[in-house]
Amino acid sequence: MTRFVVCGETLIDLVRSAEPVQDSFSSSWLALSAGGPMNSAVALGRLGADSHFLGRISRDAFGAQLRGHIADAGVELDLATESSQATSIAVVSLDEHGVASYTFHFAETANFGWQEDDLPMLEKDDWLHIASLACVVSPGAEVLLDWVNRIPSGVSYDINVRPTVITEPTIYWERVKPWLRAVGRRGGIVKASDEDLGYLAKAGAKSSDPIDVALDWVEHYGLGMVVVTLGPGGGVAVMPDGEVVRAPGYPTEVVDTVGAGDTFMAGFLDGYVQQGLGVQSSLRRGAAAASIVCSRRGAQPPTAAEVDALIASRS
């Protein structure tokens, strides 16, 4: 069985309670375990994969909650590092369609203080999935990039753009480009949403169409594949020969979209890397997993049995 090592941040999502107590003095919120990379690690664990989370987790009360959540999904914490810094916080706003936007509180928090000694030398048969803000927020991003350039394992990278953290597309793009080069050197996989690609295209891409942007990346950086999520439209994979493989979404009643892209990528990796399924079948697993998580509050990924049942019901 492939060992998945998922690297990146954890945080607490503060989401307004469904039955809020609110006046001019107080309001009620839920503190949900979150963080894109952690969500993917948990989703892989619930799918039955050998999942290990590589992150810097605080020793504070929120850190204890996060550790419990990760362990409850069957994810190993043997590679994680404890930090005396505080847990990162994200205040979540949901629009009328349940689509989430985030305001982050990151200063001096645990996620971004990576040191070289925190990072293991992976094996060739491992699969590293690395994601999100840990790859673009200094000072840790530079340490992680140097490490990824040295390890021999397979690799996938989820860009997971957060425009409220880096508000200028040109600056964001300059921080993403070295990761595309690093992943491309070993023919790895990049994952991005259509919105991620549209945002980064503002930095001067020849086209704003997400598929055109992905095609350009595959050709220019030597990537093995770019997986593009399309919200309710499912997902596509752009291949080195220019082929675009598509899988439709699975309609559901959306509670919120928190963790949808993270869960999609876990479903895809479980299919493609672990089970050796074809690209389209793996996209289908990703889309089904994302559909299920969108029907629940917060990032609560499904089991393999739930994914299989949804796919079977729509076949």
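Nothing in this text is a laboratory measurement; each read-out follows from the coordinates by a stated rule. This structure is a prediction, so every number in the text was calculated from the model and none was measured. All Cβ positions, even for glycine, are placed from backbone atoms using ideal geometry, and neighbour counts span all protein chains on display.
Rounded to two decimals, what is the ratio between the C-alpha radius of gyration of the chain and 2.2 N^0.38 Å?
0.93
Taking the radius of gyration and the Kirkwood hydrodynamic radius from Cα positions alone, what is the Rg/Rh ratio for the stretch 99-165, to two decimal places?
We get a ratio of 1.01 for the stretch 99-165.
As an exercise, take the mean of 1/r over every pair of distinct alpha carbons in the stretch 1-93, invert it, and state the Kirkwood radius in angstroms.
13.9 Å
From the P(r) of the stretch 103-217, could you give the percentage of C-alpha pairs in the tail past 20 Å?
Working: 2788 of 6555 pairs.
Summing the P(r) tail past 20 Å for the stretch 103-217 gives 43 percent.
With every atom except the alpha carbons ignored, what do you get for Rg and Dmax of the stretch 180-259, in angstroms?
13.2, 41
Where Rh is the Kirkwood radius over the Cα pairs of the stretch 39-180, the temperature 10 °C and the viscosity 1.306 mPa s, what D in µm²/s does Stokes-Einstein return?
98 µm²/s
What translational D, rounded to a whole number of µm²/s, comes out for the stretch 220-288 from Stokes-Einstein when the hydrodynamic radius is the Kirkwood one over Cα pairs, at 37 °C and 0.692 mPa s?
Result for D is 268 µm²/s.
Can you order the peptides 105-113, 272-280, 221-229 by their average number of other Cβ atoms within 10 Å per residue, highest first?
Ranked by mean Cβ neighbours within 10 Å, highest first: 221-229, 105-113, 272-280.
Using only C-alpha atoms and all pairs of different ones, pull out the Kirkwood radius for the stretch 187-315 in Å with one decimal. Intermediate values should be presented prior to the final figure.
Values: mean 1/r = 0.0680 Å⁻¹.
The Cα-based Kirkwood calculation yields 14.7 Å.
Order the peptides 129-136, 264-271, 92-99, 234-241 from the highest to the lowest mean number of other Cβ atoms within 10 Å of their residues.
Values: 129-136: 25.6, 264-271: 29.6, 92-99: 12.9, 234-241: 19.9.
Ranked from most to least packed, the peptides come out as 264-271, 129-136, 234-241, 92-99.
Please list 193-202, 40-49 highest first by mean number of surrounding beta-carbon atoms within 10 Å per residue. Before the final figure, lay out each step's value.
Details: 193-202: 19.8, 40-49: 28.0.
Listed from highest to lowest mean packing, they are 40-49, 193-202.
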